[in-house]
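The values are calculated or read from the model by the stated rules, or taken from the named source; none is laboratory data. Values in this document were obtained by computation on a predicted structure and should not be read as measured data. Cβ placement follows ideal geometry from the backbone for every residue including glycine, while neighbour counts extend to all protein chains displayed.
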Amino acid sequence: MNVFVGLIAAMLSLGTPLVIAAAGETVSERAGVLNIGLEGTMLAAAFAGFATASAAGSPWLGFLAGVAAALLIMAITAELILRRQADQVVVGTGVNLLALGVTGVLFVEMFGKTGKLVGVETVPKTGGNLGIDLVMLIAPAVVIAAWLLLAKTRWGLAVRACGEAPEAAEAAGYNPRRLRFQAMLFAAVTAGIAGAYLTLAQAGSFAENMTEGRGFVVIAAVTFGRWTARGSALACMLIAFAYGLKYAINAMRLPIAPQLFDALPYLLALAVLFGAGKGATSPAALTLPYKPRA
């Protein structure tokens with residue numbers, strides 16, 4: 001029973017940042033913007049949250065700093081892909097590499113040698129062995145908000161039009177560039193919360209490249225979820241179950257190579273992405289630049 005409770009607790013904790021980030025990524029992709037730089041954005045938010053919480057002594061200020069860092073990165077990304085029409089994949093890859101290098105250097109400069117752990121205060125937890133925190137409770141609300149925005153508002157209708165046929169959206173009186181930027185800002189806020197959660201709720205510290213591919217896992221989950229907020233959230237929890245299973249099996253000390261289970265979440269992410277390939281229809285204008293009419 002203890003192993004089962006531990007598995008559920010791990011799934012909730014590890015799934016929370018994935019679910020929150022996926023809600024924002026779903027909105028962004030439905031607008032036609034594939035945020036390959038999600039990994040780097042989350043990493044930058046994780047470091048900003050950690051550094052701020054370390055200096056201010058408040059995890060909540062750390063979350064604000066994480067969101068601010070994500071918004072800054074997304075604003076730069078938007079300038080490159082919306083105004084200058086740079087390739088979304090190339091820009092996102094550059095963001096990932098830049099964030100990896102900058103956070104690593106700043107961590108060493110501010111906190112000493114690589115690998116030195118500096119603890120910070122984490123968000124309060126309740127719920128006994130499950131370790132429920134406030135951000136976990138917010139995660140379903142973020143998913144519902146993304147669903148309501150996309151499915152039940154005129155803004156959501158316009159955003160989805162930008163992801164399918166931006167020319168038609170412009171002809172109907174909407175500004176595709178502005179709507180895509182707004183969708184990216186929503187994605188930045190969720191990425192900032194998700195990244196800060198890694199340091200301020202899960203680890204209580206920072207380590208270089210601590211996102212460990214979670215941004216790419218989220219993108220895979222959005223595809224598996226057919227670009228819907230609910231489907232993406234369910235896919236994230238499935239992958240989080242694999243993360244939790246890895247820790248549970250390691251705790252049971254079974255005579256199996258632990259490296260096999262270290263790879264399990266990523267193998268599952270690849271499997272669901274492959275399984276989603278057949279019959280999946282992405283937004284027609286996803287990754288395609290749009291040049292407004294004169």
**OP:** Restrict the check to the range 65-83 and report whether at least one residue is without any contact (Cβ under 8 Å) to a residue 60 or more places away in the chain, exposed (fewer than 15 other Cβ atoms within 10 Å of the Cβ) and over 22 Å from the mean Cα position of the chain (by Cα).
**Re:** no
Original post:
So which residues in the range 170-181 are part of a loop (DSSP other than H, G, I, E, B) and under 20 Å from M74 (Cα atoms)?
Top reply: N175
Original post:
Just one of E208, E167 is closer than 22 Å to L34 by Cβ, at pLDDT below 95 and not in a strand (DSSP E or B); which is it?
Top reply: E167
**OP:** Name the residue, out of R214, R253, R230, R226, that is out of contact with any strand residue (DSSP E or B) (no Cβ under 8 Å at 6 or more places or on another chain), among the basic types (K, R) and at pLDDT below 90.
**Re:** R253
Subject >> Neighbours by Cβ (under 6 Å, 6+ apart or cross-chain): first from the range 225-244, touching a residue at least 12 places away in the same chain (Cβ under 8 Å) and under 19 Å from V27 (Cβ atoms); second in a loop (DSSP other than H, G, I, E, B) and not aromatic (F, W, Y) >> reply: S232/G225; A235/G225
Subject >> Neighbours by Cβ (under 9 Å, 6+ apart or cross-chain): first from the range 39-53, surrounded by fewer than 24 Cβ atoms within 10 Å (Cβ to Cβ); second aromatic (F, W, Y) >> reply: A51/F107; A51/F111; A51/F206
**OP:** Would you check which residues across the range 1-41 are of a type in the set (G, A, S) and modelled with pLDDT of 90 or more and list them?
**Re:** S13, G15, A21, A22, A23, G24, S28, A31, G32, G37, G40
Original post:
Which of the residues belonging to the range 139-159 are crowded, with 16+ Cβ neighbours inside 10 Å and within 22 Å of W60 (Cβ to Cβ)?
Top reply: A139, V142, V143, A145
